[in-house]
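Single-structure report; data block below.
The values are calculated or read from the model by the stated rules, or taken from the named source; none is laboratory data. As the structure is a computational prediction, the values presented were derived from the model and not from experiment. With ideal geometry, Cβ positions are generated from the backbone for all residues, glycine too; neighbour counts draw on all protein chains shown.
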Amino acid sequence: MLRMDLNTNLLGPNPVVMEAIKGFDEDVSHYPTMYADNLREALAEYYGLEPENFLCGCGADGMINLITSVHGGPGKTVAWPEPSFTLYRFYAAAYRSDTLTVPLDEKFRLDADMFLETAPTLIFISNPNNPTGNLFDEEGLRRLMDSDSLVVLDEAYAEFSGVSHIEDAAEGRIIAIRSFSKAFAMAGLRVGYCIGSPEAIGELRQHYAPFTLNTLSEHCAVAALRDPAWMRWAVKELVRQREELARKLEGMGFTVFPSSTNFLLVTPPCAAAALRDSLMEKGIAVRHYPEPEVLADKLRITVGSEEHNAVLVEAIQSLL
């Protein structure tokens, strides 16, 4: 099965990580470092910050869970744009938070005014946004950062966009979330982290269990940070392939929305769900969202290698 539905890095596995696994000789009869201390040191070196600016755990999902558990809950409102990453809703509901969704416009642009008018406790913004793929207007984001709401920028796809708010996070204006699952091609090792001021990270850490990140995952993440050449090559190659795939799909009658990620949101010239099913029969998985309604006629397609994309294009051509 060609998995073009999960937004993993289809150029992987990361060879640096595979070498780190082969050379792994740590004693796993002991617990890992208490708070992924080696990885926090490596992240501090990578970004030019301090270890106290970072908290690491089991994927970006784990960071969303933690932040919602601390800053959401009964009587607090958790907000996000719609459509966006589905786990914001999942964790907000899990902690019995009040919820607010702010619809994006027809071009998937963010309405900062609606967030500001309602003043939620906590705002999650996926930037670039999953599943639409676009970056949001910087002016609107800045206005949200200056509000009384806690703004969390989920930057899981930031490496593909060239846009970063790490400095804003370190200065305490926001909390940022990053992942090793996408650009670093480490989805199976489940490593994520958040960046913030020492005070913001310290508050989260008070509610976070120690020994959350296992020894092997930490070892591999440190190795990937210290030798990021393959990751940078993969990002450039996937961006190149993204533009080429978009051109080919447009040539077949698809509407392709602007993307700053490793995936494309498209409207096919036929029923989206039916095309998804037909591709599945040919061994290719793509993502269809039956809701919200604005996504029902669309598909989300993970960009792969030139060979992967050629297989997809050939299959679509045979179906149209």
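Of everything in the range 1-16 that is more than 25 Å from L216 (Cα to Cα) and crowded, with 20+ Cβ neighbours inside 10 Å, the residue that is farthest from the chain's Cα centre (by Cα) is M4.
Taken over the range 209-267, the criterion of being without any contact (Cβ under 8 Å) to a residue 24 or more places away in the chain, more than 21 Å from A158 (Cβ to Cβ) and among the acidic types (D, E) is satisfied by E250 alone. Working only within the range 20-42, note down all residues that are touching a His at 6+ places or on another chain (Cβ under 8 Å) and of a type in the set (D, E, K, R). Within the range 20-42, just E26 meets the criteria.
On the given criteria, is S69 over 30 Å from T255 (Cα atoms), surrounded by 15 or more Cβ atoms within 10 Å (Cβ to Cβ) and in contact with a strand residue (DSSP E or B) (Cβ under 7 Å, 6 or more places away or on another chain)? It is false that S69 is over 30 Å from T255 (Cα atoms), surrounded by 15 or more Cβ atoms within 10 Å (Cβ to Cβ) and in contact with a strand residue (DSSP E or B) (Cβ under 7 Å, 6 or more places away or on another chain). For T121, the conditions (1) buried (at least 23 other Cβ atoms within 10 Å of the Cβ); (2) over 14 Å from the mean Cα position of the chain (by Cα); (3) of a type in the set (S, T, N, Q) are fulfilled apart from (1).
For K182, the conditions (1) within 19 Å of N38 (Cα to Cα); (2) crowded, with 23+ Cβ neighbours inside 10 Å; (3) of a type outside the set (F, W, Y) all hold with the exception of (1). Restricting the search to helices (runs of 4 or more DSSP H) fully inside the range 1-94 and requiring at least 1 residues that are within 23 Å of H288 (Cβ to Cβ) gives 59-71, 87-94. Taking helices (runs of 4 or more DSSP H) as the structural unit, those lying wholly within the range 205-320 and holding at least 2 residues that are β-branched (V, I, T) and buried (at least 18 other Cβ atoms within 10 Å of the Cβ) correspond to 215-226, 229-251. Checked across the range 119-136, the condition of being in a helix (DSSP H, G or I) and not assigned by TED's automatic domain parsing to the domain that holds L299 holds for no residue. The set of residues in the range 159-200 that are under 13 Å from the mean Cα position of the chain (by Cα) and either more than 30 Å from R240 (Cβ to Cβ) or hydrophobic (A, V, I, L, M, F, W, C) (or both) comprises F160, A176, I177, F180, A183, F184, A185, M186, A187, V191, C194.
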